[in-house]
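Since the structure comes first, as structure tokens, the remarks are kept for the end.
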Amino acid sequence: MIQMNIGGAQVQVTRKKRTESPLFQKVLGLGLALLLVILVTGIIIALSGKSPLVAGQCMIRGAFGTKNSVAETLIKSVPLLLSALGLTICYRTGLTSVGSEGQIIIGGLMATIVGVKLAALPSIALIPLGMIVGAIGGGLWASIAGLLKAKLGVSEVINTIMLNYVATYLVGYLVDGPLQEAAGFYPQSDMLGQNAWLPTILSGTRMHIGVIIAAVSVVLVWFLLWKLPLGYQMRAAGSNPIAARTNGINVAKNMVLAMFLSGAFAGLAGSIEIMGLHHRLMNGFSSSYGFDSMAVALLGGLHPVGVTIAALFFGALRTGANTMQRTLQVPVSLVNVIQGLVILFVLTQALLSRFTIRVIQRYAGKKEEDHHA
Amino acid sequence: MLDIITGFLEATLRMACPIMLASLGALFTARSGIINFAMEGIMITGAFFGVYGSYLTGSPWLGALLGMAGGLAASLILGIMSITVKVDQVVAGTGVNVLFLGLTSYFCTVLYPNGQPSSVNAFQSVVVPGLSSIPVIGVFFRQNLLTYITFLLVPVIWYLLNKTTFGLCLRSVGEQPHAADSLGIHVDRMRYIAIILAGLLGGLGGAALSLGQVSCFIENMTSGRGYVAWSAVTVGKYSPIGIMGASILFGGAEAVQLRLQAMGIEIPQQFFQMLPYVLTMVVLAGVVGRTVGPKAIGKPFVKGER
């Protein structure tokens, strides 16, 4: 309690304890969750007869050791970040989408069609066109689940999962049929025209302008969700649909729109993967970025800033895990394990932070008593 | 022509069995008020430990038992998260799936130091003499024992849910947990029992997949069947008999894909591979809205709070 003298009047101000601030609680909870994830992962590595410490060292060296590895970490963060930003919009609107993977695949497919068929266009037109068409493709793909949810009440979770499989087989068919390379040997499309390749921004590495686009998207999503009326409506529809509806917010419309936007960001991620790295369409090019991005969105606390940090963490994890597999023969599927642990432990963050704060307070209270005595 | 029909029926039954087992398991959780999106993870764990158990002991039945234990472990994580910690059940289920998809792939390389054997002892078909030689219908009498058990479970579970005190308690917990609580029913305990049953049946369903169909474990071999099994609960209108129908429908979609692929029909195979997933979406769109699920589904139970 602080006594203050303002304009001749005695005012008592009670300063909130730091442990009561929601941000502190959230950061504490997420931090503890991450600590537990690292602990359990260490145990799992130890179970397979490898040293967790050496594995950890290997991972860090692999992710940040050289200029090239840092660039690789950033490149891998880009699709994770974009797709997780989309999921942030979606989850904030109260929709649990599991469909990023399929939307990334459709985005990549669209960008491939643009890049192969319109290869004659100049870069300045072709690159934005590929990204826009990819984003629209991903958005429309996601809207299928959004519409079915809004119109018929079918669980968006099931439908987004089913759409992932449909997208996978659709691309599987296309690269084996209509879109197969002219040589007709491998199940993959022709190379994109050189004009559709994203320019690199760091010589000697694969780092492309997708990094900048992802950074801009962070600001855009933050602005959308917290500065625009649309974002407010979406968050209202998500946190209390009944109250939102009573206040004249069209919940169904917001659902479809949120699904479209989340799909658009995933689609953009897919088109950047194709135009920036692979330069051609093939099966499994997305390598489950869509599923990773769920863990990224949750670990990031569904906030653009948190999501950015989480995307970098997972990007580093992916780059590091490759090095770890090469040097220690620890299977890369460990990344999946870590993802699952992240999702589960992050869910318990509120419990973790409450528990810790209670322990701290008990300890602090005891000290105060000692002081009085 | 007769051969084609027989082959199709045979494949349908084989494909329907794992989905039906998992779906019957998920039914318990659904009726007790828990959304079971973790079925994919439960099944893949069952499939993995089914093969591992058969590899260790040489007996597919002991393998299936180990598979059930594995499924139980995966299911209990969902249970703890949704009953005790009271978090979003859909996200928790997804977390369980990702975790166990990763763990099974990880330990597949660790537990078999010399690489996984190409096949382990699997379930053998039981041929009923006489009946099995009837054309077409004969296929029903040369299935493996697990398929018979699965179909036998349908009336058993129907009876358990609708005609016993246990079933009444379980359903009341899913409909009106507060009313059930005031009558002295332990809501959380009932839900844990449902979670345990779902884990055992889902694990067995996974083992039916790995030991009844291919006799080895392949990474991510469930490929969405857990989600299909959960959809079958809705499509089957939350009743064991409906679930049997839905599972046969989804099994049939997989069988069509297998049979037509084998017959070398001109339509690209990928379209047949899409079929089970597209069918799930179409059937769900037709059924949902006309089915009323348990009232308290997805809502954690907090005593004394409405």
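The values are calculated or read from the model by the stated rules, or taken from the named source; none is laboratory data. The model shown is predicted, which means the values in this text are computed figures rather than measured ones. When we count neighbours, we look across all protein chains shown, and the Cβ atoms used for this are built from the backbone with ideal geometry, even at glycine.
Worth pointing out:
- Taking each residue of the stretch B:174-185 that is over 22 Å from B:A26 (Cα atoms) and looking for partners that are surrounded by fewer than 16 Cβ atoms within 10 Å (Cβ to Cβ) with beta-carbon atoms closer than 7 Å, six or more apart or interchain, yields B:H178/B:R306; B:D181/B:K303.
- Residue that is nearest to the other protein chains (Cβ to nearest Cβ), among those in the stretch A:39-55 that are in contact with a Leu (Cβ under 9 Å, 6 or more places away or on another chain) and assigned to a helix (DSSP H, G or I): A:I44
- The residues on offer are B:G50, B:G41, B:G25, and the sole one that is under 14 Å from B:L197 (Cβ atoms), buried (at least 24 other Cβ atoms within 10 Å of the Cβ), touching a residue at least 24 places away in the same chain (Cβ under 8 Å) and of a type outside the set (D, E, K, R) is B:G25.
- Checked against the criterion of being free of Cβ contacts under 8 Å to residues at least 40 places away in the same chain and not acidic (D, E), the candidates B:V128, B:V154, B:V136 yield just one match: B:V128.
- Filtered by the rule that a residue be under 19 Å from B:G202 (Cα atoms) and touching a Ser or Thr at 6+ places or on another chain (Cβ under 6 Å), the stretch B:73-96 gives B:A74, B:Q89, B:V90, B:A92.
- Yes/no for A:V337 being buried (at least 19 other Cβ atoms within 10 Å of the Cβ), at pLDDT below 90, in a helix (DSSP H, G or I) and of a type in the set (A, V, I, L, M, F, W, C): no
- Filter pass, B:L65 being assigned to a helix (DSSP H, G or I) and within 13 Å of another protein chain (Cβ to nearest Cβ): no
- Pick from the stretch A:222-258, criterion within 15 Å of A:K149 (Cα to Cα) and either of a type in the set (V, I, T) or free of Cβ contacts under 8 Å to residues at least 24 places away in the same chain (or both), ranking: surrounded by the fewest Cβ atoms within 10 Å (Cβ to Cβ): A:N250
- Residue identified as within 13 Å of chain B (Cβ to nearest Cβ) and not in a loop (DSSP other than H, G, I, E, B) among A:A316, A:A297: A:A297
- All conditions in (1) in a loop (DSSP other than H, G, I, E, B); (2) surrounded by fewer than 17 Cβ atoms within 10 Å (Cβ to Cβ); (3) touching a helix residue (DSSP H, G or I) at 6+ places or on another chain (Cβ under 8 Å) hold for A:P178, with the sole exception of (3).
- Tally, over the stretch A:137-160, of residues that are in contact (Cβ under 8 Å) with a residue 60 or more places away in the chain and within 15 Å of A:C90 (Cα to Cα): 15
- Residue satisfying all of: in the stretch B:73-91; more than 7 Å from chain A (Cβ to nearest Cβ) and farther than 13 Å from B:N36 by Cα; modelled with the highest pLDDT among these: B:A73
- Only a single criterion out of (1) within 21 Å of B:G206 (Cα to Cα); (2) more than 10 Å from every other protein chain (Cβ to nearest Cβ); (3) part of a helix (DSSP H, G or I); (4) aliphatic (A, V, I, L, M) is not satisfied by B:L260, namely (1).
- Candidates are the residues of the stretch A:343-354 that are more than 8 Å from chain B (Cβ to nearest Cβ) and under 20 Å from A:F291 (Cβ atoms); the one that is modelled with the highest pLDDT is A:F345.
- Conditions (1) more than 26 Å from the chain's Cα centre (by Cα); (2) of a type outside the set (A, V, I, L, M, F, W, C); (3) within 7 Å of another protein chain (Cβ to nearest Cβ); number of the one not met by A:S333: (1)
- Unique residue being surrounded by fewer than 22 Cβ atoms within 10 Å (Cβ to Cβ), more than 9 Å from chain A (Cβ to nearest Cβ), within 22 Å of the chain's Cα centre (by Cα) and outside any helix (DSSP H, G or I) when the list is B:I241, B:I218, B:I267, B:I248: B:I218
- Inside the stretch A:27-64, residues that are on the phi > 0 side of the Ramachandran plot and in contact with an Asp or Glu (Cβ under 9 Å, 6 or more places away or on another chain) make up a count of 0.
- A single member of B:L284, B:L260 is surrounded by fewer than 20 Cβ atoms within 10 Å (Cβ to Cβ) and out of contact with any Pro (no Cβ under 6 Å at 6 or more places or on another chain), and it is B:L260.
- Output for the stretch A:149-161, where each listed residue is surrounded by 22 or more Cβ atoms within 10 Å (Cβ to Cβ), part of a helix (DSSP H, G or I) and at the interface with chain B (Cβ under 9 Å from one of its Cβ atoms): A:V157, A:I158, A:N159, A:I161
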